[in-house]
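Data first, discussion second: the structure below is written as structure tokens.
Please treat every number below as a calculation from the coordinates, not as lab data. None of the values given here were measured: they were computed from a predicted structure. Using ideal geometry, Cβ is built from the backbone for each residue, glycine included, and neighbour counts are taken over all protein chains shown.
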Amino acid sequence: MIADPASGPARRGYRICLVSLYSSSCIGLRYLVSVLKSRGFDVSLVVFKEKNIALDLMELPTEREVDLLVDVIGELDPDLVGIGVRSSFFKIASRATLRIREELHKPVVWGGSHGTVAPEQSLGVADLVCLGEGEEAILDLAEHLSRGEDPSGIPNVWTKRNGQIVANPLRPLIGDLDSLPFPDYGGEGKFFIEGDRVVRRDPGLDAFNLDVLTSRGCPYRCSYCCNSTFRTLYAGKGKPVRLRSVGNVLEEIRTQKKIFPRLKRIDFIDEVFSWEKEWVREFVDGYTRDIRLPFHCMQHPLTTDPEIMRMLRDAGLERVEIGIQSGSERVRREIFERPVSDQSLVEASRVMRGLGIVPFYDLIVDNPFETPEDKRQGLDLLLRMSRPFYMHMFSLMYFPGTVLTRRALGEKIITADDVEDRAAKSFGQMYVSLRYPRPRLERYWISLYSLTSKRFVPKPLIRLLSRAGFFRRHPKPLVAFAGLCNSVKLGLIAAKWLWEGKPVFSSLGKRGRSQKRGSRIV
Ligand code: B12
Ligand code: SF4
């Protein structure tokens, strides 16, 4: 059992400050806060800036904001600072870590997906790095450090001795997720730094949605995704996909509901929401009885079973996100190692339409492995998908250590500067923006793809536009048309939400100081 309230008072006096970068929901760190608190450690959580989803942008921190981070940590005077790092935030985490170490002389431990996939690089900046699941590791680390013991033999934790890396093995994956305490929200010791100010309260509680994980791990291993790296790292260390019990999930939602003043929706952020019929049946029963809030989740095209989707719809499924990733079956199979046929995607779209669910499709663009023929097939596939649907386009990112990154580096398609720790692509565009500068041909295809999700643009017109060679050479008018159609669709969505009394801009959206607006494709 990880949580052990009985041992509480003994650890009082050892202080840990955890820092989340650009995420106030930061569920991984909130799990760590809970387990540490349950063992009596004094823990605070600083949310350093937030992604601005409503305006679709992430701004680099100002000098003042970094100063404030150092000031807040200095004021808290912790014995250990922990930072959750995703590769896109490597540079920001490095800058903050160097200042914390130099000015405050505090040891800093990194964890999160970047620490896991790039531990050597992370140890070039941080004193310690935690790989993989952090609950047991951080407890172990805090216990060792609070007793003044050498932390160099702790499973999952890498450190340095005499300039040499001490790499420890991973402990098994947590098998019983119900043994974890719920993620910690509210209360003392929460700080939010944004807009050159510090707010001394938990920004997570301002959200209209609550993020919930019903499972950990993903059954697939797409070549561009860190999950494939995690699966290799954790081979032989337990079941890659673990599910919480329905009772435990519902209990968490009931508990958090009481402290979220503006809660309107639950976001299940599992990589793939449960596809086990019995689990879903039990979940739907309990959720409909006790919770009754609209919810969002993510599904894989191969798990969109009609019966499961119907049950979820009846329980309040408001939005489901499904990855297409490449419109070309060849690219999905050969490059992305994602063996999903065109037919199963079209079938999944029919299931959604039949049930009246409007899905969000994720699509990855800026993919140098796609030939013009692949891109053409992508358009054909999108035109075969049943409308209505929304579209989220992402620019292909090369995360350190993935199969795809190694291949692209090996084939000299990219250089080390294109890998996401140095590239930080998501700062330029969180979702693909039509305004972002990219090669002419890519803008041409993105514009056409974007039109496919606009029900008011007839499919024959899109086909016609795709046949006009003029737009390939001069995509500007096509980009402008796609941008206009996008704005119309956004306007229609906003009007519908206002009509239904839904919050159009979340409070998080209002917080950022917007200098430039994005134009996320919908
Ligand atoms: C849900 C999710 C999101 C949600 C986040 C919601 C939330 N509440 O956090 C949303 C949609 C907002 C999101 C956004 C993004 N995401 Co995301 N996301 C995920 C996903 C699917 C699950 C994350 C999760 O909650 N896992 C479960 C928790 C319990 O695990 P965890 O967060 O990793 O934390 C554990 C350990 O890492 C460790 N740990 C974490 N921090 C620390 C710190 C210390 C000090 C220690 C000791 C340990 C430790 O302990 C935690 C508990 O076990 C992962 C895939 C994955 N398997 O990780 C991708 C993933 C993390 N996301 C990724 C990316 C790239 C992004 C974006 C940059 C995408 C974009 N274009 O904008 C943004 C960045 C947002 C941000 N500010 O960080 C990548 C990161 C790749 C990388 N190498 O870093 C991943 C791995 C997916 C992928 N493509 O491979 N994401
Ligand atoms: S299905 Fe999604 S989360 Fe799973 S490996 Fe593929 S991209 Fe990653």
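Note on segment 180-292: percent of Cα-Cα distances in each 5 Å bin, starting at 0 and stopping at the bin with the largest distance, equals 2, 10, 17, 18, 16, 14, 13, 9, 2, 0.
Modelled label positions at ARG254 and ARG95, each set 7 Å beyond Cα in the direction of Cβ, lie 4.6 nm from each other. Computed over the alpha carbons of segment 57-150, Rg followed by Dmax gives 13.4, 43 Å. Of the trypsin sites (Lys or Arg not before Pro) found in segment 272-304, those that fall in a DSSP loop while having at most 16 other beta-carbon atoms within 10 Å are ARG292.
Of all DSSP beta bridges confined to segment 14-191, the antiparallel ones make up roughly 25%. When you filter the chymotrypsin sites (Phe, Trp or Tyr not before Pro) in segment 402-508 for DSSP loop state and at most 10 other Cβ atoms inside 10 Å of their Cβ, you are left with PHE456.
Sparsely packed loop sites in segment 16-96 (the trypsin sites (Lys or Arg not before Pro) outside DSSP H, G, I, E and B with at most 13 other Cβ atoms within 10 Å) do not occur. Rounded to the nearest 0.05, what FRET efficiency do GLN343 and ALA167 have when you use their Cβ-Cβ distance and R0 = 45 Å? That pair, GLN343 with ALA167, gives E of 0.50.
A dipole drawn for the chain from +1 and -1 charges on Cβ atoms has a positive end, and of LEU180, GLY236, ILE357 the residue lying farthest that way is ILE357.
With all projection directions averaged, the alpha carbon convex hull of segment 374-454 covers 6.2 nm². Could you list, in their original order, any pairs among LYS258/LYS489; LYS190/LYS264; LYS51/LYS476; LYS37/LYS502 whose Cα atoms are separated by more than 27 Å? Table pairs above 27 Å Cα-Cα are LYS258/LYS489; LYS51/LYS476; LYS37/LYS502.
Note the direction-averaged projected area, equal to a quarter of the hull surface, for the Cα convex hull of the chain, in nm². Intermediate values should be presented prior to the final figure.
Values: hull surface 94.9 nm².
Mean shadow area of the hull around the Cα atoms is 23.7 nm².
In straight-distance terms, cross-link reach from LYS412 covers every one of the aspartates and glutamates whose alpha-carbon lies under 19 Å from its own, apart from those fewer than eight places away in the same chain; here that gives GLU334, ASP366, GLU370, GLU420, ASP421. Dipole magnitude for segment 14-191: about 320 debye, using +1 per Lys or Arg Cβ and -1 per Asp or Glu Cβ, origin at the Cα centre.
Figure legend: label point modelled 7 angstrom from the Cα of VAL198 along Cα→Cβ; residues of segment 22-64 with amide N under 19 Å from it are 22-24, 42-50, 61-64.
In debye to the nearest 20, how big a dipole does the chain give about its Cα centre with +1 on each Lys and Arg Cβ and -1 on each Asp and Glu Cβ? It would help to have the intermediate numbers written out before the result.
Details: 79 positive and 65 negative charges, 484 e Å.
Dipole of the chain, to the nearest 20 debye: 2320 debye.
In the chain, helical runs assigned H by DSSP with n ≥ 4 each contribute -39500 (n - 2.57); averaged across all residues and rounded to the nearest 500, the mean residue ellipticity at 222 nm is -11500 deg cm²/dmol.
Stick to Cα atoms and the Kirkwood definition of Rh, then tell me Rg/Rh for segment 233-301.
Answer for segment 233-301: 1.01.
Divided by 2.2 N^0.38 Å, where N counts the residues, the Cα radius of gyration of segment 87-216 comes to 1.17. Normalised by 2.2 N^0.38 Å, where N is the number of residues, the alpha-carbon radius of gyration of segment 14-191 equals 0.97.
Amide H contacts for SER245 (H built 1.01 Å from N in the peptide plane; partners 5 or more residues away or on another chain; cut-off under 5 Å): ASP178.
The string of couplings for segment 424-437 from the Karplus curve (6.51, -1.76, 1.60, θ = phi - 60°) is 6, 4, 5, 6, x, 7, 5, 10, 4, 10, 5, 8, 5, x Hz, one whole number per residue in order, with x for Gly and Pro. I'd like the antiparallel share, as a percent to the nearest 5, of DSSP beta bridges with both residues in the chain. Roughly 25 percent of the DSSP beta bridges within the chain come out antiparallel. If R0 is 30 Å, the Cβ-Cβ spacing of ILE413 and ARG435 corresponds to a FRET efficiency of close to 0.75. Between LEU233 and SER179, how high is the FRET efficiency from 1/(1 + (r/R0)^6) when r is the Cβ-Cβ distance and R₀ = 22 Å? Nearest 0.05. Given R0 = 22 Å and the Cβ-Cβ separation, E is 0.50. The three principal axes of the Cα atoms in segment 307-367 give end-to-end lengths of 37, 21, 15 Å, sorted in falling order.
In nm, what is the difference between 0.36 nm times the number of residues separating GLU334 and HIS105 and their Cα-Cα distance?
Details: separation 229, 0.36 × 229 = 82.44 nm, distance 4.87 nm.
Result for the pair: 77.6 nm of gain on full extension.
Among VAL43, VAL66, sorting on how many other beta-carbon atoms sit within 10 Å of each Cβ, with the fewest leading, yields VAL66, VAL43.
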